[in-house]
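Colleague: Once you've had a glance at the structure underneath, I'll fire off some questions.
No value in this document is a laboratory result; all are computed from the given coordinates. Keep in mind it's a predicted model, so treat the numbers as computed, not measured. Glycine also receives a Cβ, built like all others from the backbone with ideal geometry; neighbour counts cover every protein chain displayed.
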Amino acid sequence: MKSNKNRNIVDATAGLGYDSFILASLGAEVTLIERSEKMYKILQNGFDEGVSFGGGIKNIINRMNLLFGDSKDVLPKLSPEVIMIDTMYKDRKKTALVKNNMRLVREIVGPDSDYIELLKVALNCAKNRVVLKQPRYADPIEEIRKCSHQILGKTIRYDVFMTN
């Protein structure tokens, strides 16, 4: 988020909006796209409640724009600098259950079986980069070119694909 670069971000898999809220709190203009009608309504309700709190929360939410639709159809109509994709994690090597909120999201939105097609669309639409959030030890996606670089966390990694 340095030097006012890459501040126009599309979260192509909005989910509960955590990542988007953090990016907006850092000053980015974030467009969230959600294709599950139920999840979209949950997010919209959260936005409305957040705005009613006023103050800093309202300012952050005012930098967020929620769209309903399939990102594969919506992305070509936008011209984002950065597209972020956070897929539903399939294979878990751990035996512990995922957190309650993520189990709820999985129950609402269902499987994420078309994420490779979404990634291909994103790579064609992003002006600067596509960021794919995955478990740290996830296998590379064979159908997609190798990422430009990775940012590693304790349990997740961000595969960054430069497009310019």
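Colleague: I need the GluC sites (Glu not before Pro) found in the stretch 110-164, filtered to DSSP loop residues with at most 10 other beta carbons within 10 Å of theirs.
Modeller: E142, E143
Colleague: Right, here's the next one. Ratio to report: Rg/Rh of the stretch 27-70, with Cα atoms as the point set and Rh obtained by the Kirkwood method; give two decimals.
Modeller: Taking Rh as the inverse mean 1/r over Cα pairs, Rg/Rh reads 0.99.
Colleague: Under a plain spin-label model, where a point goes 7 Å from the Cα along Cα-to-Cβ, how far apart in nm are S79 and E37?
Modeller: Going by the 7 Å Cα→Cβ label model, 3.3 nm.
Colleague: Now for a different question. How far is it, in nm, from the label point at I156 to the one at E142 when both lie 7 Å from their Cα along the line to the Cβ?
Modeller: Result: 2.7 nm between the two label points.
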